[in-house]
Amino acid sequence: MAIQTTLIILKPDAVQRGLMGRIISRFEEKGLTVVGAKMMLITKELAGRHYAVHAGRPFYDGLVKFMTSAPVLVLAVRGHEAISVCRTLMGETNAVKTLPGSIRGDFSCSRSFNLVHGSDGEETAASEVALFFKKEELLDYTRVTDAWAWDTSSGKPE
Ligand code: IDP
Ligand code: MG
């Protein structure tokens, strides 16, 4: 169990549909902290590096086109078990099938325009955060509510 930092991208559909605030609130309300944030237009080159694992898949060209088509909001999100907590908050990739209660389940009904990206493991989180943020762009701070967001009485977060 650990404090982790993960990369979240509010995709072009989230920005265009005016859902940035509501999606950020989901992460904040869960007890996670935004430690980095920037709006940007992702270049084709950056999209290719970020989604290299999907190169050659049938949906790859459409995915790169989508992700480079309009501004995104890139976030570094930190907290107890942040990687899996964020994936659960996001819901499954195919928003048509995923349950209401998740970000994708509540706000999307598309398999490709599914509003958010979130790192899927410790290694990808580290490399994706480094791909989008310089070290000095990540703020190392605690929120006053952290003491009540998880239990540290045993010496490790629970
Ligand atoms: P994830 O975003 O839930 O981790 P991945 O499998 O890593 O899902 O796929 C990356 C992104 O590619 C998805 O979020 C979605 O936007 C798009 N995508 C994945 N599978 C499909 C598909 O079968 N058709 C169209 N787009 C897809
Ligand atoms: Mg993925």
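The values are calculated or read from the model by the stated rules, or taken from the named source; none is laboratory data. Keep in mind that what you see is a predicted model, and the values were worked out from it rather than measured. Using ideal geometry, Cβ is built from the backbone for each residue, glycine included, and neighbour counts are taken over all protein chains shown.
For segment 67-85, the set of residues classified as surrounded by fewer than 17 Cβ atoms within 10 Å (Cβ to Cβ) and more than 28 Å from A147 (Cα to Cα) consists of S69, A70, P71, listed by residue number.
If you check S69, S25, which single one turns out to be within 30 Å of S153 (Cα to Cα), out of contact with any strand residue (DSSP E or B) (no Cβ under 6 Å at 6 or more places or on another chain) and among the small types (G, A, S)?
Numbers: S69 fails: within 30 Å of S153 (Cα to Cα).
Result: S25 is the single residue among S69, S25 that is within 30 Å of S153 (Cα to Cα), out of contact with any strand residue (DSSP E or B) (no Cβ under 6 Å at 6 or more places or on another chain) and among the small types (G, A, S).
Scanning segment 106-130 for residues that are part of a loop (DSSP other than H, G, I, E, B), of a type in the set (S, T, Y) and within 11 Å of ligand 2 (Cβ to nearest atom) yields one hit, S119.
For G79, state whether it is more than 14 Å from ligand 2 (Cβ to nearest atom), within 26 Å of Q4 (Cα to Cα), touching an Asp or Glu at 6+ places or on another chain (Cβ under 6 Å) and of a type outside the set (D, E, K, R).
Taking the combined requirement at face value, the residue does not satisfy it.
Looking at A52, is it within 16 Å of ligand 1 (Cβ to nearest atom) and out of contact with any Asp or Glu (no Cβ under 6 Å at 6 or more places or on another chain)? When the stated conditions are applied, A52 passes them.
For segment 18-50, the set of residues classified as surrounded by 16 or more Cβ atoms within 10 Å (Cβ to Cβ) and assigned to a loop (DSSP other than H, G, I, E, B) consists of L19, G31, L32, I42, listed by residue number. Just to verify a result, which residue in segment 110-158, among those that are of a type in the set (K, R) and out of contact with any strand residue (DSSP E or B) (no Cβ under 6 Å at 6 or more places or on another chain), is nearest to M90 (Cα to Cα)? Selected residue: R111. Across segment 123-147, the number of residues qualifying as farther than 17 Å from H50 by Cβ and modelled with pLDDT of 95 or more comes to 6.
Going through (1) touching a residue at least 60 places away in the same chain (Cβ under 8 Å); (2) among the hydroxyl-bearing types (S, T, Y); (3) touching a His at 6+ places or on another chain (Cβ under 7 Å) one by one, S119 falls short only on (3). Taking into account only those residues within segment 86-120 that are charged (D, E, K, R) and under 27 Å from L138 (Cβ atoms), which is surrounded by the most Cβ atoms within 10 Å (Cβ to Cβ)? Checked segment 86-120; the qualifying residue surrounded by the most Cβ atoms within 10 Å (Cβ to Cβ) is R104. Scanning segment 44-72 for residues that are touching a helix residue (DSSP H, G or I) at 6+ places or on another chain (Cβ under 9 Å), touching a residue at least 24 places away in the same chain (Cβ under 8 Å) and within 13 Å of ligand 2 (Cβ to nearest atom) gives H50, L63, M67. Going through (1) closer than 16 Å to I23 by Cβ; (2) within 15 Å of the chain's Cα centre (by Cα) one by one, L131 falls short only on (1). Of the residues screened, G91 is not one that is away from ligand 2 (no atom under 15 Å from the Cβ), under 17 Å from the mean Cα position of the chain (by Cα) and not hydroxyl-bearing (S, T, Y).
Close contacts from segment 73-102, counting a first residue that is part of a loop (DSSP other than H, G, I, E, B) and a second that is acidic (D, E), with Cβ to Cβ under 7 Å and a gap of 6+ residues or different chains, come to T98/E92.
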